[in-house]
Amino acid sequence: MFNKFMYLSFLIALSFAAIMPISVSAATDLSSETVVTKSNVHKVLEHLDIDASNYSDSSIEKKVEAASEVTVGELEDAVKAMKQAPKEVNFELTASSSADKTTVNKLDGNNIMMAAESEATGTKTVSTTMRQSNSYKVTYNQAATYSSTPAREAWEQALGSSASVSDTMVDGVDYSITAEDYSAKVENPGYSYSNLNQTSTITVTGYLFGVKTSATEINSDMNWDTGYILPY
């Protein structure tokens, strides 16, 4: 009778083990020190609550192979930051050359009469970099024509605009600009107090091993004074 009871208990335990969810055992396989590999990356994505159903297994695994060694704990922190990022960011910045310690060489008033005889023109691209949370940096670029005399420098006409994303902090995590719209102008062209203005709306999308994880729309209003014209 005792042997029969033990046999039935063994069968029940075996049946229970067979129907245990895979995710339970998968979760116990992972810790913050676990290194992500192509064989466990799908468990890791599930653990991080990232839906990769629209992506092929092979494309994800290739991204893992191309990345340097990264742990589950590092990805947990990165994904937390990505998911907590705001859906929209708005900012306005006036980039002052004096604040950036740019040296602007201007001649004194005694030389103003030389202006008509020695005007120079050219094209200049200015840039400003902004960090978004602790995840990435966005660099805004604006080209414009300028004129320069011994008495003053002035912006003349705005040209092309662009932006780029850099400084990904964790391997396997990438950001790219997936939508962008720019408008640029020169206020008071030809004068020493002219101002180069760029407004933009860009969308920065975050990916983990190629799987879309977040998207943030950034609206900016950037200004550069004439101090950025020199040196040329």
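The values are calculated or read from the model by the stated rules, or taken from the named source; none is laboratory data. Everything numeric here is computed off the predicted structure, so don't read it as measured data. Every residue, glycine as well, gets a Cβ built from its backbone with ideal geometry; the counts of neighbours run over all protein chains shown.
State all residues of the stretch 119-159 that are under 30 Å from Leu75 (Cβ atoms) and in a strand (DSSP E or B); if no residue qualifies, say none.
Thr129, Met130, Arg131, Gln132, Tyr136, Lys137, Val138, Thr139, Tyr140
In this structure, is Asp174 modelled with pLDDT under 95 and not assigned by TED's automatic domain parsing to the domain that holds Thr71? If you could, list the steps in order and put the result at the bottom.
Values: modelled with pLDDT under 95: yes; not assigned by TED's automatic domain parsing to the domain that holds Thr71: yes.
Yes.
Of a type in the set (Ser, Thr, Tyr), outside any loop (DSSP other than H, G, I, E, B) and over 30 Å from Glu153 (Cβ atoms) - does that describe any residue in the stretch 181-189?
First, the residues of the stretch 181-189 that are of a type in the set (Ser, Thr, Tyr): 182-183.
Add one more test, that the residue is outside any loop (DSSP other than H, G, I, E, B), and what stays is 182-183.
Subsequent filtering for residues that are over 30 Å from Glu153 (Cβ atoms) retains none.
The answer is no; no qualifying residue exists.
With respect to Thr129, is the statement that it is of a type in the set (Ser, Thr, Tyr) and exposed (fewer than 14 other Cβ atoms within 10 Å of the Cβ) true?
On the way: of a type in the set (Ser, Thr, Tyr): yes; exposed (fewer than 14 other Cβ atoms within 10 Å of the Cβ): yes.
Considered against the rule, which asks whether it is of a type in the set (Ser, Thr, Tyr) and exposed (fewer than 14 other Cβ atoms within 10 Å of the Cβ), Thr129 comes out as yes.
Based on what the data block shows, is Thr168 assigned to a strand (DSSP E or B) and not assigned by TED's automatic domain parsing to the domain that holds Ile50?
No; evaluated as a whole, the condition is false for this residue.
Please pick out the residue among Gly160, Gly210 that is over 30 Å from Ser53 (Cβ atoms), surrounded by fewer than 20 Cβ atoms within 10 Å (Cβ to Cβ) and outside the structural domain of Val72 (by TED's automatic domain parsing).
Working: Gly210 fails: over 30 Å from Ser53 (Cβ atoms).
Checking each option against the conditions leaves just Gly160.
Please verify whether the stretch 223-231 includes one or more residues that are hydroxyl-bearing (Ser, Thr, Tyr) and either within 18 Å of Val89 (Cβ to Cβ) or crowded, with 17+ Cβ neighbours inside 10 Å (or both). Give the derivation first.
So the first thing to find is which residues in the stretch 223-231 are hydroxyl-bearing (Ser, Thr, Tyr), and the list is 226, 228.
Subsequent filtering for residues that are either within 18 Å of Val89 (Cβ to Cβ) or crowded, with 17+ Cβ neighbours inside 10 Å (or both) retains 226, 228.
Yes, there is a match, as at least one residue in the stretch 223-231 is hydroxyl-bearing (Ser, Thr, Tyr) and either within 18 Å of Val89 (Cβ to Cβ) or crowded, with 17+ Cβ neighbours inside 10 Å (or both).
Would you pick out the residues in the stretch 51-63 that are out of contact with any Gly (no Cβ under 7 Å at 6 or more places or on another chain) and surrounded by 18 or more Cβ atoms within 10 Å (Cβ to Cβ)?
Keep residues of the stretch 51-63 that are out of contact with any Gly (no Cβ under 7 Å at 6 or more places or on another chain), which gives 51-54, 56-58, 61-62.
Passing the criteria: only Ala52.
Just a yes or no: is a residue in the stretch 80-97 closer than 22 Å to Tyr228 by Cα, modelled with pLDDT under 85, not in a strand (DSSP E or B) and not β-branched (Val, Ile, Thr)?
Initially, the stretch 80-97 is screened for residues closer than 22 Å to Tyr228 by Cα, giving 91-97.
Going one step further and asking which of them are modelled with pLDDT under 85, we end up with 91-97.
Subset that is not in a strand (DSSP E or B): 96-97.
Next cut, not β-branched (Val, Ile, Thr) only: 96-97.
Taking every residue of the stretch 80-97 in turn, at least one turns out to be closer than 22 Å to Tyr228 by Cα, modelled with pLDDT under 85, not in a strand (DSSP E or B) and not β-branched (Val, Ile, Thr).
Quick check: is even one residue across the stretch 181-199 more than 17 Å from Tyr146 (Cβ to Cβ), among the hydrophobic types (A, V, I, L, M, F, W, C) and at pLDDT 95 or above?
Step one: of the stretch 181-199, the residues more than 17 Å from Tyr146 (Cβ to Cβ) are 181-183, 199.
Among the residues that remain, those that are also among the hydrophobic types (A, V, I, L, M, F, W, C) are: none.
Checking the stretch 181-199: not a single residue is more than 17 Å from Tyr146 (Cβ to Cβ), among the hydrophobic types (A, V, I, L, M, F, W, C) and at pLDDT 95 or above.
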